[in-house]
Structure formats: C-alpha cells, structure tokens
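Okay, structure first, notes after.
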Amino acid sequence: MKQATFLFFFVLGICFVANAQKTIPNVTVKTLDGQTVNLQEYAKKSGKVIIIDFWATWCTPCKKELDAIADVYDDWKKKYNAELLAITIDNQRALPKVPGIVSAQGWEYTIFAGNEETMRNAFNFQTIPQTLVADPKGNIVYEHNGYVPGGEVELEKAVAKAAGK
C-alpha cells in the first residue's frame, strides 16, 4: 500500500512539473547606457505581449530576422500591444558595436545586453537567433531558434495568440 501511495504521488508530481507554465526567468540585463533591468519584472509591469529575440553583432541570421520583423513591428505594436526586446549576447569587446548597428538598421526595439552564459542557462537555448513570445502575464507561449525568410509570419501568429486575438 505504501508503494502504491508513493507511486501515485510520484506520478502526480511528474504531471505537475510537465504542465507547469514556463515564465520569463528572474534574470537581469543591462540597457546600452548601463542600467540594470530585471526581465521578469519588466515584462510583468509592461502589460504587453513580449517578444524576446537573442542576437549578436556577428550573427547574420539574427540581423536578418530583426530586419524582417522591423518591417511589420509597428503593426504588431498597434494590433497586439507587443514589444520586442532585442537582447544582444555580445561580449564586452563587441558590445560597443551594438549602438551603431541598431542605428544603421533603424531598429526601434528595446535593446538590452545580457551575459551570454546567464541568458543561455536561464532561457535554456544553444543557438541564436533564439526568439520567444510571452503573454502579458510573462508566460512563455512560443519559442523557436534559427531564421528562415518568412518566419515572421509564424511569429506573428504566436504574438496574436499571446494577445488573445
């Protein structure tokens, strides 16, 4: 009887963990002027659908994805109350290039810098670009990595769903 009870609660625990909602982790990033921001708090306080895109200055597919999203971003902000956080995982040596690239590309995203190891561990990803969508409560509802031209169509569907539309 004790084994059956143990087995029941063990399986129940596994089911609970498997169904647990993944949320934006409690990690910090920096603005380009050096201010520290807690991502979890930022997302929850915003009340918006949050798109997080991890990128680096040396990553061509990352820049292509952010360029493609730039073409539709104004519509997403209006239609879905969305905000894109472009988090560079560049090291300290490459970080000074970020403002120039952002300006040259005309990206109107919120730009943060995150420690590569911390971001990879907290968000559990290996390659970039890594993109995720969180609903206004901070629950991650969509994730993908890599970039294929036209991928912003699939991303928009996830953003719309997170917005309840």
(message) Restricting to region 71-94, count the residues that are crowded, with 16+ Cβ neighbours inside 10 Å and of a type outside the set (Phe, Trp, Tyr).
(response) 10
(request) Answer yes or no: is there a residue in region 44-51 that is open to solvent by less than 10 Å² (accessible area, probe 1.4 Å), over 14 Å from the mean Cα position of the chain (by Cα) and of a type outside the set (Gly, Ala, Ser). (result) no
(request) Among the candidates Leu32, Leu12, single out the residue that is over 16 Å from the mean Cα position of the chain (by Cα), surrounded by 14 or more Cβ atoms within 10 Å (Cβ to Cβ) and at pLDDT below 95. (result) Leu32
(request) Scan region 124-153 and report the pairs whose first residue is open to solvent by 40 Å² or more (accessible area, probe 1.4 Å) and whose second residue is acidic (Asp, Glu) and not in a loop (DSSP other than H, G, I, E, B), with Cβ atoms within less than 7 Å and a gap of 6+ or a chain change. (result) Tyr147/Glu65
(request) Looking only at region 102-123, count how many residues are open to solvent by less than 40 Å² (accessible area, probe 1.4 Å) and assigned to a helix (DSSP H, G or I). (result) 4
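For residues that are among the β-branched types (Val, Ile, Thr) and part of a strand (DSSP E or B), tally how many sit in region 39-94. Let's see the steps before the verdict.
As a first pass, look at region 39-94 and keep what is among the β-branched types (Val, Ile, Thr): 49-52, 57, 60, 69, 72, 87-89.
Add one more test, that the residue is part of a strand (DSSP E or B), and what stays is 49-52, 87-88.
Adding up the residues that qualify gives 6.
The values are calculated or read from the model by the stated rules, or taken from the named source; none is laboratory data. These figures come from a predicted structure and were not determined experimentally. Glycine gets a Cβ as well: all are built from the backbone with ideal geometry, and neighbour counts include every protein chain shown. The accessibility values were calculated without ligands, DNA or RNA, using every heavy atom of the protein model including side chains. Shrake-Rupley method; radii C 1.70, N 1.55, O 1.52, S 1.80 Å.
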